[in-house]
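The values are calculated or read from the model by the stated rules, or taken from the named source; none is laboratory data. Every value quoted in this text rests on a predicted model; they were computed, and no experiment measured them. Note that we place each Cβ from the backbone using ideal geometry, even for glycine, and neighbour counts take in every protein chain shown.
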């Protein structure tokens, strides 16, 4: 959908008008069909870490926002399917009361758990518990892939 929209817009808006056109959308509450108000939050939290972590830059994640994002990502919701991929593990945040799943315990800050839920390995070093070796090895019922 994003690709198709970009192709359509490319023919409508002259290149010199792209920046002002994008700036005019700042603050818009419009969403793509099927997207809740939480997906943009998830994008900001997770993709912000995708950029900051490799650069070695701290980017603290607000706990309340991370909890809301984790609640949205945990079920077997497409595209993450975290509940299915991480079956066999019990995830528990150490900086708030969030937890989900059953099985081997994996605990750590909600920010690291959110990264795990969205398929990223970048937060694994912040996690502890008997389930962590299984996550690192890719073991466990339905763990699927966790990206670097």
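For every residue, the table says whether it meets (1) under 20 Å from residue 108 (Cα atoms); (2) surrounded by 12 or more Cβ atoms within 10 Å (Cβ to Cβ).
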position	(1), (2)
15	no, no
19	no, no
40	no, yes
56	yes, no
Task: Test result for residue 48, modelled with pLDDT under 95 and in a helix (DSSP H, G or I) - done: no
- [ ] Working only within the stretch 24-38, note down all residues that are in a helix (DSSP H, G or I) and farther than 24 Å from residue 94 by Cα.
- [x] 24
TODO: Kindly indicate whether residue 92 is closer than 27 Å to residue 1 by Cα, within 18 Å of the chain's Cα centre (by Cα), surrounded by 12 or more Cβ atoms within 10 Å (Cβ to Cβ) and without any contact (Cβ under 8 Å) to a residue 40 or more places away in the chain.
DONE: no
TODO: Just need a number here: residues in the stretch 21-38 that are at pLDDT below 85, loosely packed, with under 11 Cβ neighbours inside 10 Å and over 25 Å from the mean Cα position of the chain (by Cα).
DONE: 0
- [ ] Answer yes or no as to whether residue 98 is under 24 Å from residue 29 (Cβ atoms) and in contact (Cβ under 8 Å) with a residue 24 or more places away in the chain.
- [x] no
Open item on the list: Of the conditions (1) modelled with pLDDT under 95; (2) touching a strand residue (DSSP E or B) at 6+ places or on another chain (Cβ under 6 Å); (3) more than 23 Å from residue 44 (Cβ to Cβ), residue 87 satisfies every one except a single condition; which number is it?
Closed with: (2)
- [ ] Can you tell me which residue within the stretch 68-83, out of those that are more than 11 Å from residue 38 (Cβ to Cβ) and touching a helix residue (DSSP H, G or I) at 6+ places or on another chain (Cβ under 7 Å), is surrounded by the most Cβ atoms within 10 Å (Cβ to Cβ)?
- [x] 82
- [ ] Could you tell me whether any residue of the stretch 105-114 is modelled with pLDDT under 95 and under 26 Å from residue 48 (Cβ atoms)?
- [x] no
Task: Residues satisfying the stated conditions in the stretch 106-122, i.e. buried (at least 17 other Cβ atoms within 10 Å of the Cβ), free of Cβ contacts under 8 Å to residues at least 60 places away in the same chain and touching a strand residue (DSSP E or B) at 6+ places or on another chain (Cβ under 7 Å) - done: 106, 107, 108, 109, 110, 113, 119
